[in-house]
Amino acid sequence: MTVNEHVYGMHLYLMSDAAFQKLTPDQRQIILDGAKVHTAVANAAKAIESVEAVGKIRDTGVKVHVSTPSEKEAFRKSTQGPVIEFIASQTSKELVDRLLAAIEVSKKKVYQN
């Protein structure tokens, strides 16, 4: 078994704009900060659960491969171009460019560089 280290989880926080705008600026900030904290905690829990699940699978005798950074980079290089082309053909190049730019911003935030 190969671990791809992708943990997918969406965190939706819904509130009508009318209700949100009725809050004081401090209350709005509490809501926004709380959503960020919950997202970080939920993502950490998913990562821990993933590690635990892989451990249970290994315990059954299954050989588990975790790709090295160089293997991940080789996979990305060989697949990302065609995937980006496909997504752009189904949506738009502009949308793909915006998404890729947002990914770069997120990487800087996550990895602090």
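The values are calculated or read from the model by the stated rules, or taken from the named source; none is laboratory data. Small disclaimer: the values here were computed from a predicted structure and weren't measured. Using ideal geometry, Cβ is built from the backbone for each residue, glycine included, and neighbour counts are taken over all protein chains shown.
Some observations on this one:
Matching residues to (1) surrounded by 12 or more Cβ atoms within 10 Å (Cβ to Cβ); (2) under 22 Å from Ser106 (Cβ atoms); (3) among the charged types (D, E, K, R):
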| residue | (1), (2), (3) |
| --- | --- |
| Asn4 | no, yes, no |
| Gly9 | no, yes, no |
| Ala18 | no, no, no |
| Gln21 | no, no, no |
| Thr24 | no, no, no |
| Arg28 | yes, no, yes |
| Ile31 | yes, yes, no |
| Val54 | yes, no, no |
| Val62 | no, no, no |
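- Scoring Glu85 on the criteria (1) surrounded by 10 or more Cβ atoms within 10 Å (Cβ to Cβ); (2) modelled with pLDDT under 95 leaves a single failure, condition (2).
- For Thr39, the test of being of a type in the set (S, T, N, Q) and assigned by TED's automatic domain parsing to the domain that holds His6 is passed.
- Of all residues in segment 57-86, exactly one satisfies the criterion of being more than 19 Å from His6 (Cα to Cα), hydrophobic (A, V, I, L, M, F, W, C) and without any contact (Cβ under 8 Å) to a residue 12 or more places away in the chain, namely Phe86.
- Only one of the listed residues (Val3, Val62, Val51) is within 25 Å of Phe75 (Cα to Cα), in contact with a helix residue (DSSP H, G or I) (Cβ under 8 Å, 6 or more places away or on another chain) and not acidic (Asp, Glu). That residue is Val3.
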